[in-house]
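Here is the structure we will look at.
All of the numbers you see were taken from the coordinates with simple rules; none came from a lab. The structure displayed is predicted, hence computed values, not measured ones. Virtual Cβ from ideal backbone geometry, glycine too; neighbours counted across all protein chains shown.
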Amino acid sequence: MTFDELSALLLSWPHVEASTSYGTPSFKVNGKLLTRLREDGDSLLIKSVPPEEREMLCQACPELYYYTDHYRDYPMVLIRLSLADQETITTMLERTYREILPKKHR
């Protein structure tokens, strides 16, 4: 998936807006971070991934999923955007989207 494809997908979701976070492109819902592209231009931050699930993903498909020491203590995983398909990205981001979407819009 390309960043342009990701952008088109996420901006089609209600209440998602393009923004920046730490100097990189990001997407937010009501000011809350949905996801952001890391400095390498290919790693996408996926939030709301419990450590057990993250370990399973990283072991099952290490070329796609990984994390750095910086994220070790947080419920997050990184995904290589260039290797991911739209279904995978959508599935991974929908959970975070539902969590940060204001209750009145759920």
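Among the criteria (1) touching a helix residue (DSSP H, G or I) at 6+ places or on another chain (Cβ under 9 Å); (2) hydroxyl-bearing (S, T, Y); (3) within 15 Å of L10 (Cα to Cα), the one Y65 does not fulfil is (3). Within region 14-57, being more than 20 Å from F3 (Cβ to Cβ), crowded, with 16+ Cβ neighbours inside 10 Å and either more than 13 Å from the chain's Cα centre (by Cα) or free of Cβ contacts under 8 Å to residues at least 24 places away in the same chain (or both) holds for R54, L57.
Across region 62-74, the number of residues qualifying as surrounded by 15 or more Cβ atoms within 10 Å (Cβ to Cβ) and either in contact (Cβ under 8 Å) with a residue 60 or more places away in the chain or not hydroxyl-bearing (S, T, Y) (or both) comes to 1. Does L101 satisfy the criteria of being touching a Leu at 6+ places or on another chain (Cβ under 6 Å) and of a type outside the set (D, E, K, R)? Answer is no for this residue.
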